[in-house]
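The values are calculated or read from the model by the stated rules, or taken from the named source; none is laboratory data. Given the structure is predicted, the values throughout are model-derived calculations rather than measurements. Every residue, glycine as well, gets a Cβ built from its backbone with ideal geometry; the counts of neighbours run over all protein chains shown. These accessible areas exclude ligands, DNA and RNA; they are computed on the full protein's heavy atoms, side chains included. Shrake-Rupley method; radii C 1.70, N 1.55, O 1.52, S 1.80 Å.
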Amino acid sequence: MQQLGVIGLGTMGANLARNAARNGAAVSVYNRTAQVTQKFLEEHGAEGKMKGCKSYKEFVQSLDHPRAILLMVKAGEAVDAVLRDLLPLLLKGDAIIDGGNSHYPDTQRRTEELAAQGIHFIGMGISGGEEGALSGPSMMPGGNAKAYQTVAPLLTKMAADDGEGGKCISSIGEGGAGHFVKMVHNGIEYGIMQLLAESYALLKNAGGFSNEQLAETFAAWNDDADLSSFLLEITAKIFTKKDEETGGDLIDLIADSAGQKGTGKWTTEAAMTYGVAIPTINAAVDARILSGSAEKRAAHRSLPADTNEQDPVPPPEKLRSIVRNAFELAALCTYGQGFDLIERASEEEGWKVDLSEVARIWRGGCIIRSAFLPLFQAQYGSGDTVAATEQLMQRFAGEKQRDWRRAVTYAASRGIPAPALSASLHAYDAYRAARLPQNLIQAQRDFFGAHTFERTDKEGKFHADWQL
């Protein structure tokens, strides 16, 4: 019988422990607060073979060597604290799997430190939320590939189906590759959620859509084979939820300040480090930060607004179509930015990440699962990638692109913030432009700082005497 030890019985840890037990593993569990362990066993102990432990020593002794131990604790110092207590009790060949949202540089460091002691460290991104952890998440393990193979049989059983007869799990690459890919997954998640929020704002504020109409709209989009996704599915449901206290629509009672746990910020930092443009994701992170600046927003309520609301809004069905097409193209850009970042980091770090595999394992279980992913799976796959890329690019032609531009124009003319829709469009236009105005920036840099510039007519670095 396969064994798994789980440390940390929060929502995710508890459900992953239950998932493993339901898939035939003997599961040992430990939580710093003993009452949490006891409550977990009382509620779920009958779901499989599970043993609660009151100390790290008891926990380690309950598992046969070589051990597989899954950490589900808060990222950062908490992980290091558990490792300090746990490592003296382990033997060479044991494997520790960090299933939290750890920062990939921390995972790189821990992998090297534990390898020196003969302990395998696997940094594994997990996506799917509470439900996914129990019924089947998407899992992104990175680290020692040989060590992963020892735990792969159980983890594969626990993972979501990919819709193609496979499972949403794959060895990502050495070191921090698994947590890096999960971090970028979360960055894409930020971007898509912001695009949906901006679509909601356009339909509500420019089109006057009711919550009932919004629910129907997002449900219809989710029924579209080209657009369907988990985030669209839950967005449609959100607009139908009633508040138990007032009987009104709950969405209208939720404060407009969005939280974040850091993975979005880490994604923007990584993009800067590796020199990759991810404007949609950056805009989404900025939007969350701005939404949380309550005092500053309140202080600026009296800012003048000279909007062009005389321009007639299209009829509801037309506006819905315009916003739908804008969301589709901007969302495709968001996924593309994420894959670009993974590709660049993989090249620089030597991870050899298979982007087609990443797209495949995101197709089930995870938060950003959507109908877009097969397009990227094909684009980065081993088949006719030229045809796959052309199929993806065809989405951006004709009326859809014109609608994208219309949506951004409607938002700007009415003073409706749409930073992610706009950032996606501006990046798209920058990529397709034959010449960008940054030649002026290079001239300015050379003027005041002698930073030199390159020329279009000959090779080399040049400096001009701008004062003559």
- Tally time: how many residues in region 418-443 are in contact (Cβ under 8 Å) with a residue 40 or more places away in the chain and over 18 Å from L329 (Cα atoms)? 0
- Task: Consider only pairs whose beta carbons are under 9 Å apart and that are at least six residues apart or on different chains; among these, list those whose first residue lies in region 33-47 and is touching a residue at least 40 places away in the same chain (Cβ under 8 Å) and on the phi < 0 side of the Ramachandran plot and whose second residue is open to solvent by 60 Å² or more (accessible area, probe 1.4 Å) and part of a helix (DSSP H, G or I).
- Result: none
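Looking at A345, A330, can you tell me which residue is closer than 13 Å to A177 by Cβ and outside any loop (DSSP other than H, G, I, E, B)? Working first, answer last.
Details: A330 fails: closer than 13 Å to A177 by Cβ.
A345 is the lone residue from the list that is closer than 13 Å to A177 by Cβ and outside any loop (DSSP other than H, G, I, E, B).
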- Message: Tell me yes or no: at least one residue of region 305-328 is modelled with pLDDT under 95 and over 28 Å from F218 (Cα atoms).
- Response: yes
- Note on the structure: Note on region 120-167: residues more than 16 Å from N15 (Cβ to Cβ) and part of a loop (DSSP other than H, G, I, E, B) are N144, D162, G163, E164, G165, G166
- Query: What tally of residues in region 1-26 results from selecting those that are among the hydrophobic types (A, V, I, L, M, F, W, C), over 21 Å from A78 (Cβ atoms) and within 32 Å of the chain's Cα centre (by Cα)?
  - Reply: 4
- Message: Take residues that are surrounded by 13 or more Cβ atoms within 10 Å (Cβ to Cβ) and tell me which of the helices (runs of 4 or more DSSP H) falling wholly in region 252-305 contain 3 or more.
- Response: 263-274, 279-291
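Quick check: anything in region 461-468 of a type outside the set (S, T, N, Q), open to solvent by less than 20 Å² (accessible area, probe 1.4 Å) and not in a loop (DSSP other than H, G, I, E, B)? Give the derivation first.
Filtering region 461-468 for residues of a type outside the set (S, T, N, Q) gives 461-466, 468.
Checking the rest, the ones that are also open to solvent by less than 20 Å² (accessible area, probe 1.4 Å) come to none.
No, every residue in region 461-468 fails to be of a type outside the set (S, T, N, Q), open to solvent by less than 20 Å² (accessible area, probe 1.4 Å) and not in a loop (DSSP other than H, G, I, E, B).
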- over 29 Å from A159 (Cα atoms), free of Cβ contacts under 8 Å to residues at least 40 places away in the same chain and not β-branched (V, I, T) - does that describe any residue in region 318-327? yes
- Message: With free of Cβ contacts under 8 Å to residues at least 60 places away in the same chain and open to solvent by 10 Å² or more (accessible area, probe 1.4 Å) as the only criterion, which of E357, E347 stands out?
- Response: E347
- Note on the structure: Residue hits (region 81-107; among the charged types (D, E, K, R) and in contact (Cβ under 8 Å) with a residue 12 or more places away in the chain) are D85, K92, D94, D98, D106
- Query: Exactly one of (1) at negative phi; (2) over 23 Å from the mean Cα position of the chain (by Cα); (3) open to solvent by 10 Å² or more (accessible area, probe 1.4 Å) is unmet by L214. Its number?
  - Reply: (3)
- Positions within region 34-55 being in contact with a helix residue (DSSP H, G or I) (Cβ under 7 Å, 6 or more places away or on another chain) and open to solvent by less than 40 Å² (accessible area, probe 1.4 Å), in sequence order: F40, H44, G48, M50, G52, C53
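Among L63, L70, which is the only one that is surrounded by fewer than 22 Cβ atoms within 10 Å (Cβ to Cβ), of a type in the set (A, V, I, L, M, F, W, C) and under 18 Å from A147 (Cβ atoms)? So that I can check it myself, show each step before the final result.
Details: L70 fails: surrounded by fewer than 22 Cβ atoms within 10 Å (Cβ to Cβ).
Going through L63, L70 in turn, the sole match is L63.
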- Could you list all residues from region 130-144 that are open to solvent by 10 Å² or more (accessible area, probe 1.4 Å) and either closer than 12 Å to A160 by Cα or without any contact (Cβ under 8 Å) to a residue 12 or more places away in the chain (or both)? E131, L134, S135
- Residue match in region 108-119 (condition: modelled with pLDDT under 95, under 27 Å from I367 (Cα atoms) and in a loop (DSSP other than H, G, I, E, B)): no
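In this structure, is V181 open to solvent by less than 50 Å² (accessible area, probe 1.4 Å), in a helix (DSSP H, G or I) and at pLDDT 95 or above? Quick ask: steps written out before the conclusion?
On the way: open to solvent by less than 50 Å² (accessible area, probe 1.4 Å): yes; in a helix (DSSP H, G or I): yes; at pLDDT 95 or above: yes.
It is true that V181 is open to solvent by less than 50 Å² (accessible area, probe 1.4 Å), in a helix (DSSP H, G or I) and at pLDDT 95 or above.
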